[in-house]
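Read-outs throughout are calculated quantities, based only on the coordinates presented, and are distinct from any laboratory measurement. Since we're looking at a predicted model, the values are computed, not measured.
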Amino acid sequence: MNVKQHTTHGRPGTEGARLDHVGLNEAITGAAFGGRRRRVYARIAALSGARPADRVLDIGCGGGYLTRLLAAAVGPAGQVTGVDPAAGAVRHAQRRAPANCSYLVGVAQDLDLPDRSFDVVTSTLATHHIPEAELAAAFSEMFRVLRPGGTLLAADFRPPARRHTPHALATRNRHGSAIPLEDLAAATRFRLDAHGELPLLRYIRATRPPAT
């Protein structure tokens, strides 16, 4: 396991929100899912299609909850990399990670990673933390680091049924509405394969076309 510090060279104020109090955030997230977090995140890992020996990137990894599930899916021959803008979250993730996980501090819109270097890219409850003006750049980076034929699984808050629910408040405070995942993926030349809903979340699964 290792932690790499990456300083973004983007414009000031474009990094987005950081989850510096990772322990508190982990507790709040667990409570928000009402005991269903592991089941939901296990479903996300399955939907990503991550297989033994795959290389997987998790953007906005926070404390590494999803990376640990993905690490089990890819096995000892695979590798999972987590990226998060908060150094504290990355340190928290490293302390709990299996040997086939590594982490770096960085932002989705400026990934310090090689082109076409991952079989799968995931991002869960991270896009609403990215400044709206940087969302297109973030999806372009996801496209760039995926190999042709690779899979993107992105999930974020779904539109709330009632405006006073906890995830309604979080969504409204961050962006005011649900993130247009389908539109962002299509504009980045991803091929949309599936979309759906999970408790609190909506997701898309998309592919980088083999010819690109």
query: Taking θ as phi - 60°, what are the ³J(HN,Hα) couplings along segment 88-103 by the Karplus curve (6.51, -1.76, 1.60), each to the nearest whole Hz, with x for Gly and Pro?
result: x, 5, 5, 5, 4, 5, 4, 5, 10, 8, x, 5, 8, 10, 9, 9
statement: For segment 64-69, Karplus-derived ³J(HN,Hα) couplings (6.51, -1.76, 1.60; θ = phi - 60°; whole Hz; x for glycine and proline) come out as x, 4, 6, 4, 5, 5
message: Skipping prolines and chain starts, which residues have an amide H placed within reach, meaning under 5 Å, of the one on G82, given they are 5 or more residues away or on another chain?
response: D58, S102, Y103, L104
